[in-house]
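Notes to accompany the following structure.
The values are calculated or read from the model by the stated rules, or taken from the named source; none is laboratory data. None of the values given here were measured: they were computed from a predicted structure. Positions of Cβ are backbone-derived with ideal geometry, glycine not excepted, and every protein chain shown enters the neighbour counts. Please note that ligands, DNA and RNA were not included when accessible areas were found on the heavy atoms of the full protein model with its side chains. Shrake-Rupley method; radii C 1.70, N 1.55, O 1.52, S 1.80 Å.
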Amino acid sequence: KMGVKTYSQEIESPVAAARLFKAFCFDNHNVFPKLMLESFKSIEFVEGTSVKAGSIRQFNFSDGLFLYSL
């Protein structure tokens with residue numbers, strides 16, 4: 001079965017919204033493994049070297065999670 005799950009939460013932050021957006025959307029290959037050590041082992045570029053169109057990233061999850069890569 002396929003479906004859509006959503007989650008929403010508002011958090012106040014001393015960091016500007018534009019800076020957070022850039023970090024989570026365009027620099028997540030560096031940010032996610034540092035912020036969520038228990039979830040991400042690494043994020044590697046399979047093809048390309050940035051978030052430009054055509055780049056492919058592989059998300060490697062930590063051992064013990066139900067996903068190994070995405």
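Rounded to a whole number, what % of the accessible area of the chain do carbon and sulfur atoms account for, probe 1.4 Å?
59 percent
Using the crude model of +1 on Lys and Arg Cβ and -1 on Asp and Glu Cβ, and no other charge, please compute the dipole size for the chain relative to its Cα centre, in debye to 20.
180 debye
Counting heavy atoms of the protein chains only and a 1.4 Å probe, report the per residue accessible area for region 4-52 as a whole number of Å². Numbers along the way, then the final one.
Numbers: 4430 Å² over 49 residues.
Computed with neighbouring chains in place, this is 90 Å² per residue.
Sequence-distant or interchain residues sharing an amide H contact under 5 Å with Phe40, placed H: which?
The answer is Ser62.
Using Cα pairs closer than 8 Å and at least 6 residues apart in sequence, work out the relative contact order for the chain, in percent.
19 percent
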